[in-house]
Amino acid sequence: MLVKSPSNADPIRDEELGALICDCLDLLLSTLPPQQANVVRAIDLEGAVPKSVADKHGLSLNEVTMHLALGRQGLKDRIGEMHMICRQHGVAGCGCQLNGDAKT
């Protein structure tokens, strides 16, 4: 996984942060349906192109696009749940009362 940082950053610290992010993403990906997790991992983490993912997994390009969108949304929802992010406003601790408790 690529982690961008300022040019004066500590490379060891960057490796630790990258490992932490990878561990967190692996955990979150494991909560998705397998096909969504496979597609997100291949395209977003490994840099594969959708056509090659479709060929490898025996899917149409439309199916890959659908699994990618659903998988990304699933990750977004789970990250929001982990950090109590308001789904309506996209911030932590906004205190809104839309639809009851807008936070998850």
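Within the range 11-46, restricting attention to residues that are farther than 19 Å from Ile79 by Cα and modelled with pLDDT under 90, the residue that is surrounded by the most Cβ atoms within 10 Å (Cβ to Cβ) is Asp14. Restricting attention to the range 57-104, which residues are loosely packed, with under 15 Cβ neighbours inside 10 Å, more than 20 Å from Ser30 (Cα to Cα) and at pLDDT 95 or above? Gly58, Ser60, Leu61, Asn62, listed by residue number.
Considering the conditions (1) β-branched (Val, Ile, Thr); (2) surrounded by fewer than 15 Cβ atoms within 10 Å (Cβ to Cβ); (3) in contact with a helix residue (DSSP H, G or I) (Cβ under 8 Å, 6 or more places away or on another chain); (4) at pLDDT below 95, Val49 is excluded by exactly one of them, (4).
The values are calculated or read from the model by the stated rules, or taken from the named source; none is laboratory data. These numbers come from a predicted model, not from an experiment. Positions of Cβ are backbone-derived with ideal geometry, glycine not excepted, and every protein chain shown enters the neighbour counts.
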